[in-house]
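Peer 1: For reference, the structure I am asking about is given below.
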Amino acid sequence: MSMFCETAVQYCRDNQERFLDELKDLVRIPSVSTDPAAKPEMYRAAEWVADMMKKMGMANTTIYPTSGHPVVYAENLKAGPGKPTVLIYGHYDVQPAEPLELWQSPPFEPTVRGDNLYGRGASDMKGQVLSAMKAVEALQNKDCLPVNIKFIIEGEEEIGSPNLAAFIEEHKALLACSYAVNPDTGMIGAEIPTITYGLRGLAYFEIRLTGPDHDLHSGLFGGVVHNPAQVLSELIAGMHDSEGRVTLPGFYDSVRPLTQDERQELARLPMDEAFYLHQTGAPDLHGEKGFTPAERVGTRPTLEVNGLLSGFTGEGSKTVLPSRAMAKISMRLVPDQDPQDVHQQLLSYMEKNAPSTIHWEVIPMAGGQASITDRNLPAVVALEKALEATWGKRPVYKREGGSVPVVAQMHKILGVDSVLTGFGLPDDNLHAPNEKMHIPTFYKGIEALVRFISILDEEN
């Protein structure tokens with residue numbers, strides 16, 4: 001077999017139209033995991049994935065129930081016990097489509113406009129799941145699959161994967177592997193192949209403040225009763241200093257410093273201030289001083305306000321002194337921060353700074369560890385070669401600002417590193433109206449995964 005199984009690559013090119021039609025079929029299923037009314041659609045999506053696995057020729061294809069939405073498992077172990085085993089992860093659930101009025105075409109009626117396929121889940125991550133499935137299909141069809149393959153496709157990623165860790169723990173023997181491959185990241189641009197080798201973790205909290213036991217007339221009681229909305233605003237404002245650093249006690253104590261080699265590699269990324277201004281439409285950038293935008297996003301911890309609620313927010317005016325105020329706060333964490341430590345740091349901050357004029361509580365909502373993969377791992381080296389062969393240029397390496405909890409879970413439970421790839425683009429409108437998948441990149445992504453899998457054995 002040649003280094004790259006080019007007959008399998010040609011198979012992908014010959015079947016592009018079918019692959020796109022299959023992606024459309026999957027996108028049509030409104031598998032919104034957070035919506036209880038969508039439970040039948042969630043199972044329909046799991047059945048669709050399982051049926052496709054069977055059509056591909058995968059063995060032991062099973063839909064496993066959980067206390068939430070089901071997990072689909074399939075395998076091809078024909079390479080034998082002496083060969084590496086690759087566990088490919090994905091999810092079939094999607095975010096809600098609202099606000100529907102902002103979509104240019106119905107979110108679950110996949111529509112091609114130009115080079116893009118529009119629809120909820122087209123990029124995150126039904127397109128990515130199908131890329132991996134079609135790459136394996138091509139290699140199997142041309143009898144050049146040199147490694148053992150296992151798939152685990154879940155239905156709860158968009159709600160924090162609450163049942164996945166227990167599933168992995170319960171099925172450790174079934175999921176045993178040499179490497180995990182997670183195609184749930186993306187590329188910086190359509191012509192910039194990208195390898196993500198680090199992900200930030202997450203600590204998410206709700207802060208609730210209560211002052212008076214009911215809303216008050218602000219004219220009669222303003223100046224006498226401390227306003228919880230004002231207190232909350234002041235507490236949040238104090239969570240950063242003038243240098244953009246988080247002020248929670250001990251927040252940076254375990255943060256792993258950047259090496260000079262990493263800073264040089266990250267400097268190759270075309271993600272300067274102009275890039276972020278273009279992507280966001282913000283009038284200017286903001287953040288921790290002493291770090292580039294790419295370093296801030298991928299390698300430094302943050303604290304962000306995700307939501308605020310207090311008092312009267314309807315049309316017109318109402319002179320009310322609110323009884324309650326609430327904020328949702330998330331911290332993106334880096335190696336070696338721990339969500340439980342950050343919880344204690346937030347409690348310490350509140351104990352020190354919250355006045356006696358209000359009652360407060362901090363409610364943990366979600367959490368996950370950061371992860372980082374050795375760039376010299378044989379599977380990462382194989383991915384670099386595959387991307388370079390497909391795009392004709394050496395890929396860039398980045399550390400992603402977002403969180404993918406399953407990566408840390410697989411490392412902890414299965415003892416394996418994850419190779420992170422993906423072919424979504426920054427303007428794919430993930431979690432937003434008019435989500436899309438760039439069709440030429442979708443096709444090239446399948447070819448890149450064919451080449452990656454076909455040389456994995458040679459790198460071990």
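Peer 1: Under the rule of -39500 (n - 2.57) per DSSP H run of 4 or more residues, summed and divided by the residues of the chain, what mean residue ellipticity at 222 nm is obtained, to the nearest 500 deg cm²/dmol?
Peer 2: Value at 222 nm, helices only: -10500 deg cm²/dmol.
Peer 1: Under the Cβ-under-4.7 Å rule, which cysteines of the chain stay unpaired?
Peer 2: For the chain, the answer is CYS12, CYS177, because their Cβ atoms have no other cysteine Cβ under 4.7 Å.
Peer 1: Take the Cα of GLU6, step 7 Å along the line toward its Cβ, and report every residue of region 370-406 whose backbone nitrogen sits under 17 Å from that point.
Peer 2: 386-393
Peer 1: I'd like the distance separating the alpha-carbon centroids of region 21-83 and region 288-362, in whole Å.
Peer 2: Between the Cα centres of region 21-83 and region 288-362 lies a distance of 37 Å.
Peer 1: If amide hydrogens are placed 1.01 Å from N in the peptide plane, which non-local residues have theirs closer than 5 Å to the one on MET365?
Peer 2: TYR204, PHE205, GLU206
Peer 1: Here's something else I'd like to know. Each residue of region 91-100 in turn: what ³J(HN,Hα) in whole Hz from Karplus with 6.51, -1.76, 1.60 and θ = phi - 60°, glycine and Pro shown as x?
Peer 2: 9, 9, 7, 10, 6, x, 8, 4, x, 5
Peer 1: Cα centroid distance between region 188-202 and region 412-438, in Å?
Peer 2: Each part reduced to its Cα centre gives a spacing of 9 Å.
Peer 1: Want the number for ALA274 to LYS172: 0.36 nm per residue separation, take away the alpha-carbon distance, what's left?
Peer 2: 32.2 nm
Peer 1: Could you pull out the pairs from LYS78/LYS444; LYS142/LYS385; LYS352/LYS412; LYS39/LYS412; LYS54/LYS83; LYS24/LYS385 whose alpha carbons sit more than 28 Å apart here?
Peer 2: Cα-Cα > 28 Å for LYS352/LYS412; LYS39/LYS412; LYS24/LYS385; rest within.
Peer 1: With θ taken as phi - 60° and the coefficients 6.51, -1.76 and 1.60, list the Karplus ³J(HN,Hα) couplings across region 22-30 in order, rounded to whole Hz; mark glycine and proline as x.
Peer 2: Whole-Hz 3J(HN,Hα) from phi for region 22-30: 5, 4, 4, 4, 6, 5, 5, 7, x.
Peer 1: If I take every Cα pair under 8 Å that is 6 or more residues apart in region 285-404, average their sequence separation and divide by the length, what percent do I get for the relative contact order?
Peer 2: The normalised contact order for region 285-404 reaches 26 percent.
Peer 1: Determine the relative contact order of the chain: mean sequence separation of Cα pairs under 8 Å and six or more apart, normalised by residue count, in whole percent.
Peer 2: The value is 26 percent.
Peer 1: Moving on to the next point. Within region 58-78, whose backbone N sits under 16 Å from a point 7 Å along Cα→Cβ of ASP25?
Peer 2: Hits in region 58-78 for ASP25 at 16 Å: 58.
Peer 1: In addition: Which order do the peptides 324-332, 111-119, 450-458, 277-285 come out in when sorted by mean C-beta neighbours inside 10 angstrom, highest first?
Peer 2: 450-458, 324-332, 111-119, 277-285
Peer 1: How far, in nm, would the chain grow between LYS412 and GLU388 when pulled straight, counting 0.36 nm per residue and subtracting the alpha carbon separation?
Peer 2: That works out to 5.6 nm of additional length.
Where a number appears in this text, it was derived from the coordinates with a stated rule and is not lab data. Please read all numbers here as calculations on a predicted model, not as lab measurements. Cβ: placed from backbone, ideal geometry, glycine included. Neighbour counts: every protein chain shown.
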